[in-house]
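The structure appears below as structure tokens.
The values are calculated or read from the model by the stated rules, or taken from the named source; none is laboratory data. Quick caveat: nothing in here was measured; it's all calculated off a predicted structure. Cβ atoms come from the backbone with ideal geometry, glycine included; neighbour counts cover every protein chain shown. We work out accessible area using only protein heavy atoms, side chains counted, and drop any ligands, DNA or RNA first. Shrake-Rupley method; radii C 1.70, N 1.55, O 1.52, S 1.80 Å.
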Amino acid sequence: MNGHALVIRGGEVVDHRGRRTADVAIRAGTITAVEAGIDAGPGVQVLDATGCIVAPGLVDLHTHLREPGGEAAETVETGSRAAARGGYTAVVAMPNTDPPIDSAAVARQVLELGRQALCDVAVAGAITVGREGTHLAPMAELAELGVRIFTDDGSGVQDARLMRRALQYALALGVTLAQHCEDESLAAGGQMHEGTWSSKLGMPGIPAEAEELMVMRDIALVRLTGAPVHFLHLSTAGSLAMVRAAKEQGLPVTAEVAPHHFTLTDAQAESFDPVFKVNPPLRTTDDVAAVKRGLVDGVVDAIATDHAPHTQEAKERPWDEAPPGMLGLETALAVAVTELELPIERLLALLSWQPARVAGLSEHGGPLAPGRPANVTVIDPAARWTVHPEGLSSRARNTPYAGRTLTGRVRHTVLRGEPVVVGSEAQR
């Protein structure tokens, strides 16, 4: 074929270098030109980007794909389809599967499943065997497979001495530990945020201090070891204040927040609908405001979905029996566009190139330039759409945004030069 295999035409290109009006030409999985007025030529597919932002594919640092063991709620294939429709070209699969990703064998299984996915699937390895917090997982063996992030997500490493050892190993291996910050002794039995609403509803609460104590401890361990830590789904004003201070001291810490923690509050529990049950729990209006401030001033490095699918049967149990977690991959971008008063360049930094940097995914996050891998998303920032759970690609339906009208939608997603989403619909 002469010319380019694919041209994205008529959009405004935005990456970490700025924004400019340009078409993007792609051939054999690689960007070949970014310039105005590219002539596609005969037989070349053209994707219309009129009125759209053309950006590096989004990267999610925190996705639960459930496979192996939880396929009734999600699979690598269905989760990757949801990701692609949400504009993601790469996700980091969390290790709290069954069995957990605490060995090279399970990591290889997930990586193999990811080869046929609609986005690149990177794997996070567990810090401890079985995510039980007693013995370190074979981190060196997992790192040899390319695993760059380790976490016991769903559980925080409770033993400070063990966490120190893990950080020392991580530093030697050149990998990053990501921490689910929760002191289990304080959080035990809690069902929602401890505060005015838990008192009104008669629910046992999880105090903000359960998160903040572990943030404080791990910042101290970063200072002690020099090893980097990434803080998962932070939710309180106190946690973000400590991260801000740590960064001002030059410590190698990064932090993510989830969309539900800058849009929803603990008042949602008044409905007793377990779709609003999540861990860490929805917090107060003051905490939501603090999370938004952290997104504006740079304390927060990434918006991560914490996409946590569950079967309808599980989520329809009474609140105290239902598992925590919400869907996020297909709505994160639109929720951010709708709820945050941030320029698109800043939003894309939080959703694309900054998380790509944290995850060590050099083929994602741009820049959009000749010779770079063609992992691209095309976003219509003005499109308005209503969230219908049955219209989502995830196998699960537990979205807290059902019935909400959002602004901003992905029109196309291109993975390694292949259009996997065209006109907002998955192509396979």
> So which residue, out of ARG317, ARG66, ARG346, gets the largest mean-square fluctuation from a GNM of the chain using Cα contacts under 10 Å as springs?
Replying inline: ARG317
> Which is farthest toward the positive dipole end of the stretch 1-100 among VAL91, VAL59, GLY37, measuring Cα position about the Cα centre, with Cβ charges +1 (Lys, Arg) and -1 (Asp, Glu)?
Replying inline: GLY37
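Can you tally the net charge around ALA104? Count Lys and Arg as +1, Asp and Glu as -1, for every other residue whose Cβ sits under 14 Å from the Cβ of ALA104. Please report the intermediate quantities before stating the final value.
Working: positive: ARG108; negative: ASP102, GLU112, GLU141, GLU144.
Neighbour charge sum, excluding ALA104 itself: -3.
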> In the stretch 256-293, which trypsin sites (Lys or Arg not before Pro) fall in coil by DSSP and have 12 or fewer other Cβ atoms within 10 Å?
Replying inline: none
> Which Rg and Dmax, in Å, describe the Cα atoms of the stretch 306-428?
Replying inline: 16.1, 54
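If you roll a 1.4 Å probe over the chain with all protein chains in place, what percent of the accessible area is carbon or sulfur?
On the way: 7740 of 15730 Å².
Exposed carbon and sulfur together represent 49 percent of the surface.
Expressed in nm to one decimal, what extension gain is obtained for the pair GLU132 and ASP320 from 0.36 nm per residue of sequence separation less their Cα-Cα distance? It would help to have the intermediate numbers written out before the result.
Numbers: separation 188, 0.36 × 188 = 67.68 nm, distance 2.29 nm.
Gain on stretching GLU132 to ASP320: 65.4 nm.
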> GNM, the chain, Cα, under 10 Å: largest mean-square fluctuation among LEU58, LEU415, LEU113?
Replying inline: LEU113
> In nm, to one decimal, how far is the ALA402 label point from the GLU141 one, both placed 7 Å along Cα→Cβ?
Replying inline: 4.2 nm
> Assuming a viscosity of 1.002 mPa s and a temperature of 20 °C, what translational diffusion coefficient in µm² per second does Stokes-Einstein assign to the stretch 67-149, Rh being the Kirkwood radius over Cα pairs?
Replying inline: 167 µm²/s
> Where Lys and Arg each count +1 and Asp and Glu each count -1, what net charge lies around PRO281 among other residues with Cβ under 12 Å from its Cβ?
Replying inline: -3
> Hey, can you rank 307-313, 335-341 by average C-beta count inside 10 Å, highest first?
Replying inline: 307-313, 335-341
> Projected onto the charge dipole of the stretch 56-359 (+1 at Lys/Arg Cβ, -1 at Asp/Glu Cβ, origin at the Cα centre), which of ALA160, PRO323, LEU224 gives the Cα projection farthest towards the positive end?
Replying inline: LEU224
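Given +1 on the Cβ of Lys and Arg, -1 on the Cβ of Asp and Glu, and no further charges, what dipole in debye does the chain carry about its Cα centre, rounded to the nearest 20?
On the way: 37 positive and 52 negative charges, 208 e Å.
So the magnitude is around 1000 debye.
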> Once both labels are modelled 7 Å past Cα along the beta-carbon direction, what's the GLU12-GLU418 spacing in nm?
Replying inline: 3.2 nm
> Could you give the distance between the Cα centres of the stretch 308-385 and the stretch 142-188, to the whole Å?
Replying inline: 24 Å
> What residues of the stretch 399-428 lie in the reach of a label at GLN45, counting those whose backbone N is under 14 Å from a point 7 Å from the Cα along Cα→Cβ?
Replying inline: 412-428
> Which distance in nm do the two modelled labels at ALA160 and LYS200 give, with both placed 7 Å along the Cα-to-Cβ direction?
Replying inline: 3.7 nm
>> Taking 0.36 nm per residue of sequence separation and subtracting the Cα-Cα distance, how much length would be gained by fully extending the chain between SER271 and ARG346, in nm to one decimal?
In response: 23.6 nm
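Explain nothing, just the number: dipole magnitude of the stretch 1-75 about its Cα centre with +1 on each Lys and Arg Cβ and -1 on each Asp and Glu Cβ, in debye rounded to the nearest 20.
260 debye
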> Under a 1.4 Å probe, what is the accessible area of the stretch 56-359 per residue, stated in Å²?
Replying inline: 34 Å²
> Taking the chain as a Gaussian network, Cα atoms linked when under 10 Å apart, which of GLY79, GLY366, GLY202 shows the biggest mean-square fluctuation?
Replying inline: GLY202
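For the chain, take the alpha-carbon Rg, divide it by the Kirkwood Rh, and send me Rg/Rh.
Values: Rg = 20.8 Å, Rh = 21.6 Å.
Across the chain, the Cα-based Rg/Rh ratio is 0.96.
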